[in-house]
Amino acid sequence: MSAGMQTILFPVKDLASAKALYTALIGEQPIADSAYYVGFKVAGQDIGLVPNGDQQGMTGPTPYLHVDDIKASLQTALDGGAQVVQDVRDVGGGRLVTTIKDAEGNIFGLLQDPK
């Protein structure tokens, strides 16, 4: 089961500049603010800034589909012709993510929060 696309990550080269821009546009301070990630929550949507995301293979904004079972969802995607871009990994606190490319070449992620 999926809770929909609730997270989108943006690769940025200048984190301070991007943080200032998104803070001004959103009108609120980030809920997470570190050297490796700045995150905002807007109407239930998570918006994250990832410094040097291009070095992690991010070619542009990446939406994440929130799922209950990342392994089962990944297998469904693979069975449907998707390819793994970045393997399943824990990004902290038990949150699991993976990035895939569908058969059309669209890159998106799967995200499972801890249960």
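Here, each number is a calculation from the coordinates, and none is a lab measurement. These numbers were taken from a predicted model, which means no experiment stands behind them. Positions of Cβ are backbone-derived with ideal geometry, glycine not excepted, and every protein chain shown enters the neighbour counts.
Odds and ends about this structure:
- Based on the Kirkwood approach, the hydrodynamic radius assigned to the chain is 14.7 Å, with every pair of different Cα atoms included.
- Here the Karplus relation 6.51 cos²θ - 1.76 cosθ + 1.60, evaluated at θ = phi - 60°, turns the backbone of region 28-45 into coupling constants of 9, 6, x, 8, 9, 8, 9, 5, 10, 6, 10, x, 10, 10, 10, 6, x, 9 Hz, with x for every Gly and Pro.
- Top of I31, I100, I47 by mean-square fluctuation, Gaussian network on the chain, Cα under 10 Å: I31
- Alpha-carbon centroid distance for the pair region 7-56 / region 57-96, whole angstrom: 20
- For K101, the shell of other residues with beta-carbons less than 15 Å away shows a net charge of -4, using +1 for Lys and Arg and -1 for Asp and Glu.
- Nearest 10 degrees, 0 to 90: helix 15-26 Cα axis against the chain principal axis: 90
- Farthest towards the positive end of the charge dipole of the chain, among the residues H66, V12, N106, is the Cα of V12, using unit charges on the Cβ of Lys, Arg, Asp and Glu.
- For region 20-61, the equivalent ellipsoid built from the Cα gyration tensor has semi-axes of 19, 11, 9 Å, listed from largest to smallest.
- Straight-distance crosslink candidates among aspartates and glutamates, where the alpha carbon sits under 12 Å from K115 and sequence neighbours closer than 8 are dropped: D68, D69
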